[in-house]
Structure formats: structure tokens, C-alpha cells
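Here is the structure we will look at.
Laboratory data are not the source of any read-out in this text; all were calculated from the coordinates shown. As the structure is a computational prediction, the values presented were derived from the model and not from experiment. Here the Cβ positions follow ideal geometry from the backbone for every residue, glycine too, while neighbour counts run over all protein chains shown.
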Amino acid sequence: MERTIISFDYAIKDILRDKANFDILSGFLTEMLNKPVSVQEILESEGNQGKRKGKTNRLDLKAKLDDGELAIFEIQYNDQIDFLGKVLFNACKSVVEQVPRGKPYDVKKVFSINIAYDEIGADKEYFFVASMTGFKGVHFDETIPFSQNLDDDVRRDIHPEYFLILPNKFDEKIRSRFDEWVYVLKKSSVKSNFTAAGVKEAGKRLDVLKMTPNKRAQYEREIREDMDKKTQLFTAELKGVKKGRAEGREEGREEERQIAEKKIAEEREKAHQAQIAAAKEMLLDGMPIEKIAKYTTLTTSEISKLV
């Protein structure tokens, strides 16, 4: 019998914290923030060590986004009376840590994503947002944006924005593309009509999480064997290119040299197409783009265009 994902918090930590593939985390944030987001780096934090035991409340994930913005995840499984105090503390800490001593307050926006199993006073809602966009005048209808511009002419919002997700309150009704994400992470499955960014990749990862240890070991062994076969194919194709180039050098006559060069070009194109085919299969297997680039001659940019 295949095991299921233990809980929402365990699933989100596992699939979002993958340092080899940022597509899943980028997709999650893109749908939650309702704007294109590209994760640049997973930063080391107290909870980024992949341990399931230990503290029941900790900063589980910290990521650097476009323009230096930060996303921090706090996951609370057990009831804790000072949970919101911890949320505020972690957001403030992430702001303070950005400013070296004696340097200007070049602060980047922090997105605080908090997941709690305690209802925290909610009635029906499962997704809350809190933010401060600016200072509002007391006597006159004026507002000063909570933003600044140190590097360019564009004023950037710098006040932390808070998101609160209550999985136990989710009624499994899809009202937005982000609800598809909440559904996937709660139910450990992906519906065929889901279109949210990164959700298909998350589904593949969840399928692996649901495998028994024996099935997972077999799956990973098959992936390695398939990778070896593709690498061997590429090696054979590459040898053919080198052989064609050597033959071309040995031929002294111009006509034969041209024939050899044509053969080299054909072999090179054939090898390149083989690499593309192999990369597509690796993508279907759920292999991270960075790892595919390691085992092929394709760049990460070329591989991204195959998705």
C-alpha cells in the first residue's frame, strides 16, 4: 500500500525547498502574489536542513526573489498562543538582516507566507493578506507611499506583506489558480484541468513522495539507468562528430574535404537533436533543468525553451 503525504506542511516543505529546481517554488509564489516571480536562490535558514523532527515552530524556508525581494515561510502545525508574534518577529528580522552596520537602509520587500493548522479565529476564510501600503493623513485626504528609491527612479514598496494560509479551513472549491496549489498540497493530487504555474511539476514530485521506499528506490534506479543510456547515446554521437572531423583533415583534396565537413555538420546536428530528445525525456521524468544541463551539452536556457 502506498503511503500518502503526512500533512500539508510536510508536503510544502519537501516540494518547495528543492534547491535543484526553483520552478515549483516560483510557480507557487507567482500564483499567490498574482505576478510573475522567479526564485533566484534558496537561502540557508534554521529550517532549511530537511529535518522533520525538532522544533514545532521555525522559519522553514527563505528564498531570494527578483530584485532582491525575499519570501519567508513559517509553518505552524501545533497550536501556539504567540504564533502571530513569531510571524512579526521573523519578518522584522528578515528586514534587519538586509542592512549591514553603517550602510544605507537599502531594504527590499519581504513576503511573509505563514501556514497554520490552528484556525486563529477564522470562520470560513482560509487565505488572508495583510499589508501597509502607506501613511494616511489624519486631517486631509493624503497618503505617503511606504516606498523608497535608492538605486533608480522607480519607487519600490518596502513594507513587509503578510499572507496567512489555513489548510484545515480550505473547502476544496477552486476559486482561483492559487486554490489549485492549495488543493494539490492538501490532497496530494493534481486534477487534469489544473493550469497554475508549477503545479504539474509539483504533482510529479508528490507522486514520488507517495511511493513506498522500495518503489522510490526502483524509480530512482530507473532514472539513473535511463540517464546512463542517454549519456551513452550522446557519447557515441560525439565520437561520430570527432571521427568525421579527423577524416576531413586526412583528406587532401578540397572536394573530399567539403564532403567530410558536410558529414561533420550532419553528425553535429544529429548529436544536437539527440541531446534535445534526451532532455525532453528527462523533463518528462521530472528531472531538474540544472541537472539535465549537467548531463548534456545543452544550456539551461536551451532546456527551458523545451518546457
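Before moving on, here are some points about what is shown:
- Calculated translational diffusion coefficient of region 84-200 (25 °C, 0.890 mPa s; Stokes-Einstein with Kirkwood radius over alpha-carbon pairs) equals 143 µm²/s.
- Listed peptides 185-195, 23-33 appear in the order 23-33, 185-195 once ranked by packing, highest mean of other Cβ atoms within 10 Å at the front.
- Distance (nanometres) between label positions extended 7 Å along Cα→Cβ at Ile259 and Glu281: 3.3 nm
- Listed cross-link partners Lys62/Lys109; Lys62/Lys93; Lys86/Lys187 are compared with a 18 Å cut-off, the Cα-Cα value being larger for Lys86/Lys187.
- Distance between modelled label sites at Val154 and Val307, nm, 7 Å Cα→Cβ extension: 2.1 nm
- Relative contact order %, region 8-210, counting alpha carbon pairs below 8 Å whose residues are six or more apart: 20 percent
- Placing pseudo-labels 7 Å out from each Cα toward the beta carbon at Thr299 and Thr195 gives an inter-label distance of 3.1 nm.
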